[in-house]
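**Q** The structure follows.
The values are calculated or read from the model by the stated rules, or taken from the named source; none is laboratory data. Quantities reported herein were computed from a predicted structural model and do not represent experimental measurements. Positions of Cβ are backbone-derived with ideal geometry, glycine not excepted, and every protein chain shown enters the neighbour counts.
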DNA sequence: GCCCAATGACTGCCGAAGCAACTATAAGCA
DNA sequence: TGCTTATAGTTGCTTCGGCAGTCATTGGGC
């Protein structure tokens, strides 16, 4: 019963993910970042003006809004981000990447890409990689609506702005 | 820079994993189990005598030994497990699955398998699935046998870390 | 304009899990 | 045998993150 191929399949996905996550985390740590902090930094850096409203940031990450409040607290304390009032809605505030945050990201990204290549994409020849990604994409598309539990019902235009694909 | 195909590839893996994990967690919860508890239960149930020493259990899961102590505490309190003294080594103790624990697992597993099929393996035709699993296996093999966790030499203590489920 | 529901952010409180320190055994060695 | 080191498990302290509750603001209905 435990060697059911379905269990095995999940095991492979989970272990590949865990193994890669550990490599990533180790490299992030070399640059003084946690995985969430890296994620926050990239989401903001790819947004217009290097900023997002707290709620939108929460929607794009694996965090709840309270989680975002706290991560932004820490990163603001460390000088990577700043809060900026929203002119059109006084309830809202933006999280903006500071120059220091952008620099940190610049220092971190090349190594991150290198690691992805070394342990993931570079492990397979192009067709095998394409097949893998194709399979992942189909699973992702099937399972995505509602991924990351946090967000409550509405999913306005949850475009998954993330990793287009 | 952010639409680099390597970033996209990681995004697919992460989102597929997160989405599946969320489905799993929801079904586990219907049976009063957390993802870690399910993992612990399966690891024990597939071991001879439905038991493992605490350390071995920790090695087979995503948890540290102190994490295992606490999960076993909770599950013992809930009647799913019991601790049993090790006859040959009085420092050691076994975690054993109780009848109630086995029953809980029996109730949970069929639905779990159904969900894997529904959202993962059943989303792809056999060759595509085989290709996906083959790719995952290669990545897993590359990244898993933590030969040396850190090239920096720090963290001599391979601890897995990463995120569970 | 006024009231009330909806929304954005933050805080109190809690559980989960890791590291480091501690206790108790066990094993190695003189 | 007695001493030293390693190992198994637990516990203290801390960080992280979620939920639910709170406060300020907004916008719709009248």
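**Q** Within the stretch A:117-128, how many residues are touching a residue at least 60 places away in the same chain (Cβ under 8 Å) and part of a helix (DSSP H, G or I)?
**A** 1
**Q** Another question, then. So which residues in the stretch A:132-144 are without any contact (Cβ under 8 Å) to a residue 12 or more places away in the chain and surrounded by fewer than 21 Cβ atoms within 10 Å (Cβ to Cβ)?
**A** A:134, A:138, A:141, A:142
**Q** Any idea which residue in the stretch A:2-25 is farthest from the other protein chains (Cβ to nearest Cβ), counting only those that are surrounded by fewer than 15 Cβ atoms within 10 Å (Cβ to Cβ) and touching a helix residue (DSSP H, G or I) at 6+ places or on another chain (Cβ under 7 Å)?
**A** A:4
**Q** I need every pair where a residue in the stretch A:61-73 that is more than 14 Å from every other protein chain (Cβ to nearest Cβ) has its Cβ under 9 Å from the Cβ of a residue that is part of a helix (DSSP H, G or I) and within 6 Å of DNA strand C (Cβ to nearest atom), sequence separation at least 6 or different chains.
**A** Within 9 Å, the pairs are A:65/A:54; A:65/A:55; A:68/A:54; A:68/A:55; A:69/A:54; A:72/A:54.
**Q** Now a separate question. If residue A:148 meets every condition in (1) modelled with pLDDT under 95; (2) out of contact with any helix residue (DSSP H, G or I) (no Cβ under 7 Å at 6 or more places or on another chain); (3) within 10 Å of DNA strand D (Cβ to nearest atom) apart from one, which number is that one?
**A** (2)
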